[in-house]
Every structure is written in C-alpha cells, then in structure tokens.
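In what follows, a structure is listed as structure tokens, so that the remarks can point back to it.
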Amino acid sequence: MTTGTEGAAATADSTVAALRKSLCSEDTPLPVRFRALFSLKHLAKQESTPPSQQLAAIEAIAAAFSSPSALLKHELAYCLGQTGNSAAVPHLTSVLEDLNEDPMCRHEAAEALGALGDAGSMSVLQRFRDRAGEVVVVKETCEIAMDRIEWENSEQRKLEKLQQSDFASVDPAPPMPEDARQTVEELEKTLMDTTRPLFLRYRAMFALRDLASPPDLPTAVPAVLALAKGLADSSALFRHEIAFVFGQLAHPASIPALTAALSNTEEASMVRHEAAEALGSLGDEEGVEETLKLFLHDKEKVVRESVIVALDMAEYEKSHEAEYALIPEVAGNA
C-alpha cells in the first residue's frame, strides 16, 4: 500500500521527469522549454522540495546544456545560479571551462558561480579572469563574480544593512547599503565612472533599480533615465546588465532606450537579446509587440529566439496570468 508521502514523492518525481523531457527536447517550442526551465528552477529552490527532488531538478536543468541554442543555455546557467544550491557548481564550472562554448553562456556560468557565493569557485574564476586571450565579457564577469564571492563571505557584508528589495533575484552585486544611500544623481555618477571597479558600478546600478520600484516612486523615472545612460557604456557586459535590470523593472520609461538597443544591428547580440526580453516584460504597453515582431527574422539567432520568447512573455503580460515562470500544473502543486 502506498502512503500519502510516497504518492506525493512519486508525483513530484514524475513532474521533474516530464519537465526535463520538455526542456531537453529540440522539438518542444522554445517558449514551452523556457516555462519548463523556470518550473524546474522553482522546484530546485523551494524549501518544501525534498533534497533528492531538488537535485533531480538541477540535473534536469543541466542536461539541457547539450542544446545548440545559446539563448537557452545562457538561461540554464542563470537559473542554476538562482537556485542557491551548491550542487549546481560542477555543471556551471564545466560550462565556463568549455572554450568551445558560446561566450554568452560562459559569461552566464561565471556570473552564476558568483551568485552561488561558494568560495571554492574562486580559483576557476581567477583562472579565466587572468587567461591570456580570454574574451572580455568572460574576463569582466569573472572579476565581478570574484568580488561578489569575496563580499558574500566578508565581515563587511555582516555589517552592511541592505534595503529590502522588491526583486527576489540573486544579483551579480548587491545594491549600495542603506547607510551609504545616495541620490539618483550621485548613483548615476558612480554608475558611469569607468575608473571605478565594475562591482561598485554594479552596486550603483542595483541601487538605482531599487529607486525605480515601485514605478510610482518620485525617484522612479529619474532612476530609469540614469540607468539608460549606461547603455552607452563601452562594456557590452555592462550594457547587457542595464537591459536585464530594465526587464526586471518593466517601467514604460525604459521603452525608448530598449527599442534603440534592439534596433541597433551593430550592438552586441547579448545586449540586443536582453533588450528584446526586457521589452517582452513590457508587452502590455502600446507598440511593444509591433516593435518585437520587426526582429523575428533578425540575422542573429539569439536575437530571433529572444524575440520569440519575448512575444510569449508579452502575451502573458496581457493575459494577467498569476505567474509566467510556472507551468500551471507545477504552480498548483507548489
């Protein structure tokens, strides 16, 4: 006779198996694969999920690194970093070490290692930060990830009081601490000061993000406009992170800057893809879907795929569903 606990465990196991099948199948439409991925991330980080099923969810996410889609693989790495589970470290390390992998994926793997905060990752991050001939975006990400791990494990962190953020993400850098809070103008100055360490500039970036949420704060529009200036920075990594933050904020004031970034075919594809997905989070705003559809046949595969995902996100924004990230069956069982 099967107990209720055993039955629930069997149901959870079958859910992970079904999600893994959807995620890893090249025949599954990309938006469905993304929803399967976010569902697995949800299961992997839920405290109520038994450890064996958390591990199964992480293994399921990692199994999809065999996909040819750089967009999907970069999202796999991001999600592994958000699980807070050290079981993801070996998978992310393998991606970073694979010199044949797309730099966008390797960068995201390095960033995810930083998000996990494991001091044991410092040596591999240092190796690729200092590697001769390494692509800039990977070198810069390793630098920030090392700074984040150092901060995570420092006495300084224990002394800092961080304002409660509206965003649940584990970011590449924490916002400025409350006792060092600055005006939008002061944060913009730090954001744009290329003589300062990237980690500090990122702290200013995420402080500005928090000053732009909720969107009716008096500092919201000025903070968004300050962040938009970061899209002119010389670092593609920096520009892509600005676009990511705009996706989190989903503030209409960011639409002109995001549209310009997506429309610039000379811009790095990792920036344009992030701009497309950020516009997807603004899908219920007038004209956004029409803008995205202009790039369904872009020359860059990662941009084309991002537009497909963004249009799916836009449909969700208009439908007012409870949670884009979850497949309904998983949401119901959570």
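The values are calculated or read from the model by the stated rules, or taken from the named source; none is laboratory data. Because the structure is predicted, anything quoted here is derived from the model rather than measured. Cβ sites come from the backbone with ideal geometry, for glycine too, and all protein chains shown count toward neighbours.
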Members of the stretch 228-255 found to be over 19 Å from the mean Cα position of the chain (by Cα) and either farther than 14 Å from residue 291 by Cβ or without any contact (Cβ under 8 Å) to a residue 12 or more places away in the chain (or both), listed by number: 229, 232, 233, 234, 253
Every pair of residues 6+ apart whose Cβ atoms lie under 9 Å, when the first sits in the stretch 138-159 and is within 18 Å of residue 78 (Cβ to Cβ) while the second is of a type in the set (Val, Ile, Thr) and in a helix (DSSP H, G or I): 142/124
Sole residue being of a type outside the set (Ser, Thr, Tyr) and either within 29 Å of residue 138 (Cβ to Cβ) or touching an Asp or Glu at 6+ places or on another chain (Cβ under 6 Å) (or both), chosen from 227, 211, 282: 227
Yes/no for residue 35 being in contact with an Asp or Glu (Cβ under 9 Å, 6 or more places away or on another chain), outside any loop (DSSP other than H, G, I, E, B) and either at pLDDT 95 or above or in the same structural domain as residue 307 (by TED's automatic domain parsing) (or both): no
Scan of the stretch 162-208 for residues that are of a type in the set (S, T, N, Q) and under 21 Å from residue 114 (Cα atoms), ordered by number: 163, 164, 165, 169
Members of the stretch 160-195 found to be touching a residue at least 60 places away in the same chain (Cβ under 8 Å) and closer than 17 Å to residue 242 by Cβ, listed by number: 167, 169, 172
Condition broken by residue 45, with the remaining ones in (1) at pLDDT 95 or above; (2) within 25 Å of residue 171 (Cβ to Cβ); (3) of a type outside the set (Val, Ile, Thr) satisfied: (1)
Considering residues of the stretch 169-181 that are more than 22 Å from residue 121 (Cβ to Cβ) and at pLDDT 90 or above only, the residue surrounded by the fewest Cβ atoms within 10 Å (Cβ to Cβ): 177
Single match in 284, 298 (criterion: modelled with pLDDT under 95, part of a loop (DSSP other than H, G, I, E, B) and not assigned by TED's automatic domain parsing to the domain that holds residue 33): 284
Criterion (surrounded by fewer than 19 Cβ atoms within 10 Å (Cβ to Cβ) and either touching a residue at least 40 places away in the same chain (Cβ under 8 Å) or outside the structural domain of residue 171 (by TED's automatic domain parsing) (or both)) met by exactly one of 99, 116: 99
Checklist (1) under 26 Å from residue 82 (Cβ atoms); (2) surrounded by fewer than 22 Cβ atoms within 10 Å (Cβ to Cβ) applied to residue 227, failing item: (2)
Output for the stretch 80-92, where each listed residue is in contact with a Ser or Thr (Cβ under 8 Å, 6 or more places away or on another chain) and surrounded by fewer than 18 Cβ atoms within 10 Å (Cβ to Cβ): none
Only one of 150, 134 that is of a type in the set (D, E, K, R) and either surrounded by 24 or more Cβ atoms within 10 Å (Cβ to Cβ) or part of a loop (DSSP other than H, G, I, E, B) (or both): 134
Test: residue in the stretch 254-264 that is touching a helix residue (DSSP H, G or I) at 6+ places or on another chain (Cβ under 9 Å), within 16 Å of residue 71 (Cβ to Cβ) and at pLDDT 95 or above: yes
